[in-house]
């Protein structure tokens, strides 16, 4: 989070930046992840280890904070920010603040603020908000319970205290800070470390743009160190655009139909074969082709590029060079799992006219027509059946186990798939664990609910070789704007059964509705072909909505694995380069005390496209869900190839967002 040494300031991170830090002083270790959700809103999640907590054992604590910059700095006005610490957590770090920051000189920053809760301890005074209501003068005690609940009745209540400091940027890499802290560390003073002074002194050295090291002398008795690593989706680590250059747009006046083979007596089969070869070399599989007098219709599968828009643009370029001059219109149909998700209609004249236009991205999007795919073309006879397989390493991390905050497994995965006909997919994967510590977790489940997730550690320690999934899938379109899926088999390491899904999503709509119904049975701990006795019917109705600036929301309402009923709210932000960062929370009819530690299921999600990391095109991405704790309430079955994720990239909202890559 933006701050001086141990206290906040009113600054914000660059938009979309993700910061990860590890800090340690005396008996306190903290791992923090911060994300600039909006240009003025910063959120952070902190995991802390406190030795000899209150004279007892080591305490592991999870907390969430939010920081909102109300005003930006101006010539005669400081930046002003409001923050809440430990909004969802145990309350150990609970506190609120109002803080102002101003440049006194180009390299000198001054910060002053007022804090409440934990930040209102040092020389605290009567809450000035008491003039509004006497209730602000008393801070209720924290009802810890099982943690994870927001205690809104505490916010900005009780005594307040001042804090402040100065920050000096000595050079491009080196900066210094001194602060007066209003946090007395009353909980940790004595057993964890000796609090002697409210003054903290820090020095930060920026090793490089994304990495910095801070050393500090804190509270008159402790030396602290912090390592911070910053990632910004807008700043890829490698050069982007390392893919091969696209085919140049070819004016039809330069196209020789006879030389391309369109006039041969084979009805253009040799010419079509050449088009297939050229497109495949460019990472695009041509599934079907139909040429009329002035229109060509092609159905394609994007095998290389992160966005459908780039695959469509490269296809259109190739068609300008390979279609007879009489062809005026290109109809390009992206397909996924045999489903025709949309069709993009592009005029050949527009390709030629806009190829070198400075504003060709927006102009070409405005002229293209993105429609529902209503016409079916028979695929080439040699497309199906298709077989594919690969072998790759895997990494499975696990965080926040009270016995060991970080565990992992590494190994090798072999996966394979068979598509006998369009829309039918059989796929499976087997993993061989090579090394790791997931099997060292022996903490027994104390859940009073059916143990649908809380015995995950038993699955992890009962097999070194195991089947992660083995399914048969059928994808189809029952009607225009409707998509359907049926999946049977072993969905994931813990559940198998039958799953059905129906999605309504018009090509041009920001709104979608889905229904999923599953009947599942819990797999044996060894993760072979056997099952245990537990079985349940589960499913959800889902509403999806896409907002501007890459924001998406979804609400799932229905029955979860433990038989509980409730709803999940998911919010995420998708960036132009494919990064996605989001959060979710689930509330069901399971009372917080029955749910157990954490009170309800919640977590953070991150998706990193691999092309952002290595700079060359690929459809692969890294996905991870970070949960403070895994319990049984609000748990869902994990199923591959859910419909919204399959078709969304091929519809108008996503195509519009990604159209900047049409000419790449």
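No value in this document is a laboratory result; all are computed from the given coordinates. As the structure is a prediction and not an experimental result, all values here were calculated from the model. No Cβ is skipped: glycine too gets one built from the backbone with ideal geometry, and neighbour counts run over all protein chains shown.
Structural remarks
- Two-decimal Rg/Rh across the chain, once Rg and the Kirkwood Rh are taken from alpha-carbon atoms: 1.02
- Taken along its principal axes, the alpha carbon cloud of segment 591-655 reaches lengths of 48, 26, 20 Å, longest axis first.
- The value for segment 281-439 of Rg(Cα) / (2.2 N^0.38 Å) is 1.43.
- Evaluated at q = 0.13, 0.15, 0.18 Å⁻¹, the base-10 log of the normalised Debye intensity for segment 18-231, with identical point scatterers placed on the Cα atoms, takes the values -0.81, -1.12, -1.71.
- Extent along principal axes [Cα atoms of segment 82-188; Å; largest to smallest]: 48, 33, 22
- Helix 308-322 axis, angle to the chain major axis (alpha carbon atoms, nearest 10°): 30 degrees
- In terms of surrounding Cβ atoms within a 10 Å radius of their Cβ, 62, 627, 392 rank from fewest to most as 392, 627, 62.
- Label-point separation in nm, residue 372 to residue 40, each point 7 Å along Cα→Cβ: 4.2 nm
- Using the rule -39500 (n - 2.57) for each DSSP H run of four or more residues, divided by the residues of the chain, the 222 nm mean residue ellipticity is -3000 deg cm²/dmol.
- Each residue in 299, 524, 184 was given a count of other beta-carbon atoms within 10 angstrom of its own, and listing them fewest first yields 524, 184, 299.
- Using C-alpha pairs under 8 Å with a sequence gap of at least 6, the mean separation divided by the residue count of the chain gives a relative contact order of 9 percent.
- Angle between the chain longest axis and helix 269-281 axis [Cα atoms, degrees, rounded to 10]: 20 degrees
- Sorted by Cβ neighbour density within 10 Å, fewest at the top, the residues 103, 651: 103, 651
- When only alpha carbons of segment 1-101 are considered, Rg and Dmax amount to 14.6, 51 Å.
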